[in-house]
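Student: Before we start, here is the structure in question, set down as structure tokens.
The values are calculated or read from the model by the stated rules, or taken from the named source; none is laboratory data. No experiment lies behind these values; they were computed from the predicted model shown. Positions of Cβ are backbone-derived with ideal geometry, glycine not excepted, and every protein chain shown enters the neighbour counts.
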Amino acid sequence: MTEDQATDVLYPVPERLLDPTQCPEPYISSMEQYQEMYRESLDNPDQFFGKLATELLSWSKPFHTVRHGGLHHGDVAWFLEGQLNAAYNCVDRHAFATPEKIAIIYEADEPNQSENITYGELLRKVCQLAGVLRARGVRKGDTVAIYMPMIPEAAVALLACARIGALHSVVFAGFSSEALRDRIRDAKSRVVITADQGKRGGKTIETKRIVDEAVKECPSVETVLVYERTGADVPMTKGRDVWWGEEASLHPNFTPVEEMNSEDPLFLLYTSGSTGQPKGVVHTTAGYLLGAAATVKYVFDYHPGDIFACMADVGWITGHSYIVYGPLALGATTVIFESIPTYPTPSRYWELIAKHKVTQFYTAPTAIRALRRLGDDWVKDHDLSSLRVLGTVGEPINPEAWHWYNDKVGKNRCAIVDTYWQTETGSNIITPLPGAIPTKAGSATLPFFGIDLAILDPVSGKELIGNDVTGVLAIKRAWPSIARTIYGNHQRFLETYLKPYPGYYFTGDGASRDKDGYIWIRGRVDDVINVSGHRLSTAEIESALIMHHAVAETAVIGAHDEVTGQCIHAFVCLKPGVSKGPAHATDLNKELVIQVRKVIGPFAAPKKIYLVEDLPKTRSGKLMRRILRKIVAGESDSLGDISTLADPSVVEVLIAKVGSS
Ligand code: WTA
């Protein structure tokens, strides 16, 4: 069977999930029920989401207006007049009801160092840190930067900000000091929360040192709060740097929450777009929290007593929604995993599942592909019987990886949910539902409640009606957890998402709807690259490379990679007079990789660098990345019309160069 034929097979909901003697009854247990609820969510959104928001969230003041504004004017608002606090919803209400219930399982880098934190303990930790932040002058509406390893205190930091109405701006701890600096500056953060060091896969990461470097050039920062993860002796700047533990112990176990309006911002999170400048995507309190909670409930079919394990990093949106806010809003037990899937052995995930009796497991296709390559022995002989739902996120999953996940991990008795969404969407928007939607290997299947999908002709912007169509993916109306703006730049928000196709939210992804109405995500149509599920812009990497003294010009593209999905290839033209001899070229290659690591972070390093004389450009000087992509993909025979190039002979030279390296 070819891959295409294989992908058209519909896999029914595993019988086990619908057998009440084996599993809790799914909230949505048939396709008809899904369709009925989906229809209702579009036909009567006020009623549908009003009810959901009342059921899933606790309000200190009820809302009256469910929806307001929309995509036409970029003035989306939900649950107006209502007041609530996200930390109260994620911590207090569960700490009052079930103080001894485990909120967080911390699976430390070293497997024998795990710890459990109850809701009662979490409340105390969050309150004490909120006290510290208030004492340091942080007020409602201020932003706090968080640069932390994957430890429970990262979640505590988010929730402490939410408690006092400060916006957290988490910066993934894989970013370099320069990238951190730019994000602290853009958000004007006055406080940075960090740790002395991080631990990952047995290695030590000098977290505080990176923060020190970054903060040197951030005059807004008054306080650096340092959690003692390893107890290493790190330099502390007097008056600015304070120890988390010491400060927290000075504050009471309880401090009241700040009542927030539904539309008050909860956080910002930087993400990459088509330009070099990262965008601080802003989410607001009620809509975001509802999206996160509703999808944990329905997409992961979360039931009380379940153990929810999302392997993402809290530095990305997946960590925000599916490690912290979604599971905790429902009073679940959530796992915080500090390590990597291959430490100390490639059985780590499976040991974690067996040890903690995980019921929902959520990871990225890149991890599945990497583990599959290492062979089935690592996954055999672990007790994975607790699992019910296996999720994937971040990039399209190829059918081979999907089948391996389904067969070897899920033993064909779990639901596989391939969840499509983005930083900007806040929560899953296209996804199967475990008890209801039959799956196809590699398809994100059908829209979640309230998501009014459209596939548009990319040129005319006209909606492509019916099945068997391919175009760009857009959404016709606002849903609760859609981002509201870009921090400090609403105009850019409108221009990026709402103006390309007026009246629609534009995702930036290409997609097809197949003959059964199932959605297949085809990948980005803009200059965004997805490496191991990490979102990067070509312009961001190009501007890092151009800062190197030898570089005159550069073009970066995403190329296919068996494990990471895409990888980065960079074409670099050197300045006149720079030696290009082979010995020098090796050094330059290294320097250029270091350059990108320094400006962005190790995860953005190019896999291949080609030193070239010239780049393909049109007569008006526009860079034709499309041609470079084709050459690298080995599709030089289908380059299309190259006569518009200023110098078509460049192409031959590039083909030879790529072929020989
Ligand atoms: C891609 C991550 C295919 C997509 C939650 C999107 C996916 C970008 C999937 C957002 C999926 C995410 N199938 N592609 N299931 N999930 N993507 O903002 O290109 O880091 O636009 O959010 O990842 O990346 P972001």
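Student: In region 82-107, which residue that is free of Cβ contacts under 8 Å to residues at least 40 places away in the same chain and surrounded by fewer than 22 Cβ atoms within 10 Å (Cβ to Cβ) is farthest from G165 (Cα to Cα)?
Tutor: So, considering only residues that are free of Cβ contacts under 8 Å to residues at least 40 places away in the same chain and surrounded by fewer than 22 Cβ atoms within 10 Å (Cβ to Cβ), the one farthest from G165 (Cα to Cα) is E100.
Student: Now, a different point. Please find, among L611, L588, L615, L592, the residue that is part of a loop (DSSP other than H, G, I, E, B) and surrounded by fewer than 23 Cβ atoms within 10 Å (Cβ to Cβ).
Tutor: L615
Per-residue answers, yes or no, for (1) assigned to a helix (DSSP H, G or I); (2) closer than 30 Å to A401 by Cα; (3) touching a helix residue (DSSP H, G or I) at 6+ places or on another chain (Cβ under 7 Å):
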{"position": "H569", "(1), (2), (3)": "no, yes, yes"}
{"position": "V572", "(1), (2), (3)": "no, no, yes"}
{"position": "V578", "(1), (2), (3)": "no, no, no"}
{"position": "H584", "(1), (2), (3)": "yes, no, no"}
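Student: Next question. Can we say S427 is within 13 Å of the ligand (Cβ to nearest atom), buried (at least 22 other Cβ atoms within 10 Å of the Cβ) and under 16 Å from G326 (Cα atoms)? Even if it seems obvious, please write down each step before you answer.
Tutor: Numbers: within 13 Å of the ligand (Cβ to nearest atom): yes; buried (at least 22 other Cβ atoms within 10 Å of the Cβ): yes; under 16 Å from G326 (Cα atoms): yes.
So S427 fits the description; yes.
Student: Restricting attention to region 19-34, which residues are surrounded by 14 or more Cβ atoms within 10 Å (Cβ to Cβ) and part of a helix (DSSP H, G or I)? Please lay out each step first, then the result.
Tutor: Within region 19-34, the subset surrounded by 14 or more Cβ atoms within 10 Å (Cβ to Cβ) is 23-24, 26-31, 33-34.
Hits for region 19-34 are M31, Q33, Y34.
Student: Ok, one more. Cβ-Cβ below 7 Å, separation at least six or inter-chain, first residue in region 356-368 and more than 20 Å from Y302 (Cβ to Cβ) and in contact (Cβ under 8 Å) with a residue 40 or more places away in the chain, second away from the ligand (no atom under 14 Å from the Cβ) and part of a loop (DSSP other than H, G, I, E, B): which pairs?
Tutor: That search, which allows pairs on different chains as well, returns T366/V563; A367/P341.
Student: Which residue, of L545, L446, L473, L453, is aliphatic (A, V, I, L, M), closer than 22 Å to K622 by Cβ and either within 16 Å of the ligand (Cβ to nearest atom) or buried (at least 21 other Cβ atoms within 10 Å of the Cβ) (or both)?
Tutor: So the residue among L545, L446, L473, L453 that is aliphatic (A, V, I, L, M), closer than 22 Å to K622 by Cβ and either within 16 Å of the ligand (Cβ to nearest atom) or buried (at least 21 other Cβ atoms within 10 Å of the Cβ) (or both) is L545.
Student: Moving on to the next point. Within the group G523, G533, G508, which residue is of a type outside the set (A, V, I, L, M, F, W, C), at pLDDT below 95, within 14 Å of the ligand (Cβ to nearest atom) and buried (at least 18 other Cβ atoms within 10 Å of the Cβ)?
Tutor: Just one listed residue meets the conditions, G533.
Student: So T554 ticks every box in (1) over 26 Å from P341 (Cα atoms); (2) polar (S, T, N, Q); (3) within 16 Å of the ligand (Cβ to nearest atom) but one. Which box is left unticked?
Tutor: Exception for T554: condition (3).
Student: Now a separate question. Would you say A160 is without any contact (Cβ under 8 Å) to a residue 40 or more places away in the chain and closer than 21 Å to S321 by Cα?
Tutor: no
Yes/no per residue for (1) at negative phi; (2) buried (at least 24 other Cβ atoms within 10 Å of the Cβ); (3) among the aromatic types (F, W, Y):
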| residue | (1), (2), (3) |
| --- | --- |
| R372 | yes, no, no |
| P396 | yes, no, no |
| P399 | yes, no, no |
| W402 | yes, yes, yes |
| Y420 | yes, yes, yes |
| L433 | yes, yes, no |
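Student: Which members of region 201-245 meet the condition of being in contact with a Phe, Trp or Tyr (Cβ under 7 Å, 6 or more places away or on another chain) and part of a strand (DSSP E or B)?
Tutor: Selection gives L225, V226, Y227.
Student: Of the numbered conditions (1) touching a Phe, Trp or Tyr at 6+ places or on another chain (Cβ under 9 Å); (2) surrounded by 18 or more Cβ atoms within 10 Å (Cβ to Cβ); (3) within 19 Å of G326 (Cβ to Cβ), G50 satisfies every one except a single condition; which is it?
Tutor: Every condition holds for G50 apart from (3).
Student: Sticking with this one: Looking only at region 618-651, count how many residues are farther than 27 Å from E562 by Cβ and either among the β-branched types (V, I, T) or exposed (fewer than 11 other Cβ atoms within 10 Å of the Cβ) (or both).
Tutor: Residues that pass the stated criteria total 10.
Student: Regarding region 157-174, can at least one residue be identified that is in a helix (DSSP H, G or I), surrounded by fewer than 24 Cβ atoms within 10 Å (Cβ to Cβ) and in contact with a strand residue (DSSP E or B) (Cβ under 8 Å, 6 or more places away or on another chain)?
Tutor: Taking every residue of region 157-174 in turn, none turns out to be in a helix (DSSP H, G or I), surrounded by fewer than 24 Cβ atoms within 10 Å (Cβ to Cβ) and in contact with a strand residue (DSSP E or B) (Cβ under 8 Å, 6 or more places away or on another chain).
Student: Got a number for residues in region 297-332 being buried (at least 24 other Cβ atoms within 10 Å of the Cβ) and in a strand (DSSP E or B)?
Tutor: 3
Student: Count, please, the residues in region 138-156 that happen to be surrounded by 24 or more Cβ atoms within 10 Å (Cβ to Cβ) and assigned to a loop (DSSP other than H, G, I, E, B).
Tutor: Qualifying residue count, region 138-156: 3.
Student: Here's a follow-up. Exactly one of these conditions fails for R134: (1) over 25 Å from P219 (Cβ atoms); (2) over 25 Å from the mean Cα position of the chain (by Cα); (3) charged (D, E, K, R). Give me its number.
Tutor: That leaves (1) as the condition not met.
Per-residue answers, yes or no, for (1) of a type outside the set (A, V, I, L, M); (2) more than 16 Å from the ligand (Cβ to nearest atom); (3) not in a helix (DSSP H, G or I):
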site: I336; (1), (2), (3): no, yes, yes
site: I340; (1), (2), (3): no, yes, yes
site: P346; (1), (2), (3): yes, yes, yes
site: Y349; (1), (2), (3): yes, yes, no
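Student: Just to verify a result, which residue in region 393-425, among those that are of a type in the set (G, A, S) and in a loop (DSSP other than H, G, I, E, B), is farthest from P24 (Cα to Cα)?
Tutor: Ranking the candidates gives G394 first.
Student: Please work out which residue is surrounded by the most Cβ atoms within 10 Å (Cβ to Cβ), limiting yourself to region 211-227 and to residues that are out of contact with any strand residue (DSSP E or B) (no Cβ under 7 Å at 6 or more places or on another chain) and not acidic (D, E).
Tutor: A214
Student: In addition: Quickly run through region 595-608 and pick out the residues that are in contact with a strand residue (DSSP E or B) (Cβ under 7 Å, 6 or more places away or on another chain) and outside any loop (DSSP other than H, G, I, E, B).
Tutor: Of everything in region 595-608, those that are in contact with a strand residue (DSSP E or B) (Cβ under 7 Å, 6 or more places away or on another chain) and outside any loop (DSSP other than H, G, I, E, B) turn out to be F603, A604, K608.
Student: Also, quick follow-up: Cβ-Cβ below 9 Å, separation at least six or inter-chain, first residue in region 646-657 and free of Cβ contacts under 8 Å to residues at least 60 places away in the same chain, second of a type in the set (K, R): which pairs?
Tutor: That search, which allows pairs on different chains as well, returns A646/K617; A646/R619; D647/K617; V650/K617.
Student: From the list D418, D407, which one is of a type outside the set (A, V, I, L, M, F, W, C), within 19 Å of L17 (Cα to Cα) and within 8 Å of the ligand (Cβ to nearest atom)?
Tutor: After ruling out the rest, the residue left standing is D418.
Student: Can P399 be described as within 16 Å of the ligand (Cβ to nearest atom), more than 30 Å from A286 (Cβ to Cβ) and touching a helix residue (DSSP H, G or I) at 6+ places or on another chain (Cβ under 9 Å)? Lay out the reasoning, then the answer.
Tutor: Details: within 16 Å of the ligand (Cβ to nearest atom): yes; more than 30 Å from A286 (Cβ to Cβ): yes; touching a helix residue (DSSP H, G or I) at 6+ places or on another chain (Cβ under 9 Å): yes.
Yes: the conditions hold for P399.
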